[in-house]
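The values are calculated or read from the model by the stated rules, or taken from the named source; none is laboratory data. Keep in mind it's a predicted model, so treat the numbers as computed, not measured. Note: ideal-geometry Cβ built from the backbone for every residue, glycine included; neighbour counts use all protein chains shown. Protein only, heavy atoms only, side chains kept; ligands, DNA and RNA dropped before computing areas. Shrake-Rupley method; radii C 1.70, N 1.55, O 1.52, S 1.80 Å.
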Amino acid sequence: MPAPSNWITFFGASAFLIGNICLLILWSVALLRTGLGFLYVIVFTAVVSVVFSVIQFVLCYNFPFVFQTLGRDGYRIFADAFIWTQILNVVVNTYGIALLVRWVCRVHASRSGSQKI
């Protein structure tokens, strides 16, 4: 369990994990109900985000164990890879959200155009 001075970080990591699980559930329901292609990208990045938040939670919960297990060089490689894969996940998620926004704008424009007389 984290030290009392580290409770804010612990609760932050917990909130991050819970929030990412909620987003995964929401995007999965949207995918299952609609089957729209761009939702596959968004659900994939939501799954990766849950994995990242689990890793962050474990790091917050028991950092010395992780550091001792990986060693100094292993931890440095792990930390760099963790940061870069998070950046890649954000880029892929941004692409999926951009497809969503494009689809919403196209549907809105077609519905607005068909309602005008």
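Points to keep in mind about this one:
- Hits in segment 60-99 (condition: within 14 Å of the chain's Cα centre (by Cα) and open to solvent by 50 Å² or more (accessible area, probe 1.4 Å)): 83, 84, 85, 86, 87, 88, 90, 91, 93, 94, 95, 97
- Close pairs (8 angstrom Cβ cut-off, 6 or more residues apart or separate chains): touching a residue at least 24 places away in the same chain (Cβ under 8 Å) in segment 61-81, surrounded by 11 or more Cβ atoms within 10 Å (Cβ to Cβ) anywhere: 61/2; 61/10; 61/13
- Just one of (1) more than 20 Å from residue 18 (Cα to Cα); (2) in a helix (DSSP H, G or I) fails for residue 49. It is (1).
- Test result for residue 8, over 11 Å from the mean Cα position of the chain (by Cα) and not aromatic (Phe, Trp, Tyr): yes
- Residue that is nearest to residue 95 (Cα to Cα), among those in segment 1-59 that are among the hydroxyl-bearing types (Ser, Thr, Tyr) and open to solvent by less than 40 Å² (accessible area, probe 1.4 Å): 45
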